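The values are calculated or read from the model by the stated rules, or taken from the named source; none is laboratory data. Just so you know, these numbers come straight off a predicted model, no measurement behind them. Virtual Cβ from ideal backbone geometry, glycine too; neighbours counted across all protein chains shown. Surface areas here come from the heavy atoms of the whole protein model, side chains and all, with no ligands, DNA or RNA. Shrake-Rupley method; radii C 1.70, N 1.55, O 1.52, S 1.80 Å.
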Amino acid sequence: MAAYRSLRNLDWVLVFVAVAIAALGILQIYSATIDTAWRSAWWKQAVFLAAGLLLMWITTRIDYHTLLGQAPMLYAGSLALLVLTPVVGSLVWGSKRWIPVGFGFKFQPSEFVKLVLVLLIARYLAELKSDRLEGRDLVKLGLLAAVPCGLVAAQPDLGTALTYVSIVCAGVFFGGIRWQHALMLGVAVVVLMPAGWFVLKDYQKARLETFLDPMKDPSGKGYQVIQSKIAVGAGGIWGRGVARGSQTQLRFLPVAHTDFLISAFAEEHGFVGILVVFGLYFL
């Protein structure tokens, strides 16, 4: 009976959308890595998808109150993993973000932290006796996210670290932030943003400059952005077909199976393919 209720209560539309997006990703990884050193990446991604579906099924069998009850322990464990990552993690492109787990697979603790933060913030908000957040609540939530945010930024992985900020922002929004506090935070961000430029590393500054003007250094820092735009444009309406994109298959498009996967997809599946993917995300 419990199994029946679990199946009945699943949001099957959401499951289908998630699997469809993942399947398209696996297809594009396969296409982008043909005859490269990463040609086995697509089946690893398929294994990850299968493992994810299994974990999803196991999680649906657990009362969410139990998960919320374990949130502090999960948070402490995730921080321990983040501290451990620079010690035992593997160095990839100048960053230590992954812990080897054997059989060629790696675990990225910073991704696990996202789920833990959601649980922790949900528990904190659920235990409040008020439908409005006070200043001390904002400080506590900010500190909860600041610790993993600092550890991940030091890996360095600024992009993932900033996702923790967005999780906190979503939490305080649904938790009932006062407009006065929201205004104060907004002003603080605007005032402190210019100072943040001096905290960024050189490669992070280069990314921002390239985003604003990739033609400033077309054969250097702007090369990846320019090639990705060429790939997107080359796809036209219907695309060039699986494994037929010249930018992707001739390796003009760097790391086409990771950072620029959507550009490779646009080249091979065109504007219509991109509409399908975006439609799934919006759904």
Test: ALA206 is under 30 Å from SER31 (Cβ atoms), in a helix (DSSP H, G or I) and in contact with a Lys or Arg (Cβ under 7 Å, 6 or more places away or on another chain)
yes
Within region 89-118, restricting to residues that are of a type in the set (Val, Ile, Thr) and in contact with a strand residue (DSSP E or B) (Cβ under 6 Å, 6 or more places away or on another chain), the one that is modelled with the highest pLDDT is ILE99
- Being under 25 Å from the mean Cα position of the chain (by Cα) and without any contact (Cβ under 8 Å) to a residue 60 or more places away in the chain, is that true of even one residue in region 181-188? yes
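From LEU185, LEU261, which residue is under 30 Å from GLU134 (Cβ atoms) and surrounded by 13 or more Cβ atoms within 10 Å (Cβ to Cβ)?
Criteria check complete, one pass: LEU185.
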Reported set for region 213-234 where residues are part of a helix (DSSP H, G or I) and not β-branched (Val, Ile, Thr) is PRO214, MET215, LYS216, TYR223, GLN224, GLN227, SER228, LYS229, ALA231, GLY233, ALA234
When every residue in region 217-256 that is at pLDDT 85 or above and among the β-branched types (Val, Ile, Thr) is compared, the one surrounded by the fewest Cβ atoms within 10 Å (Cβ to Cβ) is ILE237
Mind checking whether some residue in region 8-17 is under 18 Å from ALA264 (Cβ atoms), among the charged types (D, E, K, R) and part of a helix (DSSP H, G or I)?
no
Given (1) open to solvent by less than 80 Å² (accessible area, probe 1.4 Å); (2) in contact (Cβ under 8 Å) with a residue 12 or more places away in the chain; (3) within 22 Å of the chain's Cα centre (by Cα), PRO214 misses just (3)
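Residue by residue, here is whether (1) closer than 19 Å to ARG39 by Cβ; (2) assigned to a loop (DSSP other than H, G, I, E, B); (3) not polar (S, T, N, Q) holds:
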| residue | (1), (2), (3) |
| --- | --- |
| ARG240 | no, yes, yes |
| VAL255 | yes, yes, yes |
| ALA266 | no, no, yes |
| HIS269 | no, no, yes |
| VAL272 | no, no, yes |
| TYR281 | no, no, yes |
Does TRP197 fit the bill of being open to solvent by 80 Å² or more (accessible area, probe 1.4 Å), hydrophobic (A, V, I, L, M, F, W, C) and in contact with a Lys or Arg (Cβ under 8 Å, 6 or more places away or on another chain)?
yes
Checked pairs for region 231-248, first free of Cβ contacts under 8 Å to residues at least 24 places away in the same chain, second among the polar types (S, T, N, Q) and open to solvent by 20 Å² or more (accessible area, probe 1.4 Å), C-beta under 8 Å and 6 or more apart or across chains, list as GLN247/GLN227
Determine, yes or no, whether ALA22 is of a type in the set (Gly, Ala, Ser), open to solvent by less than 60 Å² (accessible area, probe 1.4 Å) and farther than 30 Å from GLY150 by Cβ. yes
Selection over region 127-152 where residues are assigned to a loop (DSSP other than H, G, I, E, B) and either open to solvent by 30 Å² or more (accessible area, probe 1.4 Å) or touching a residue at least 60 places away in the same chain (Cβ under 8 Å) (or both) yields a count of 7
Turns out the strands (runs of 3 or more DSSP E) fully within region 51-126 with at least 1 residues that are surrounded by 17 or more Cβ atoms within 10 Å (Cβ to Cβ) and touching a residue at least 40 places away in the same chain (Cβ under 8 Å) are 95-102
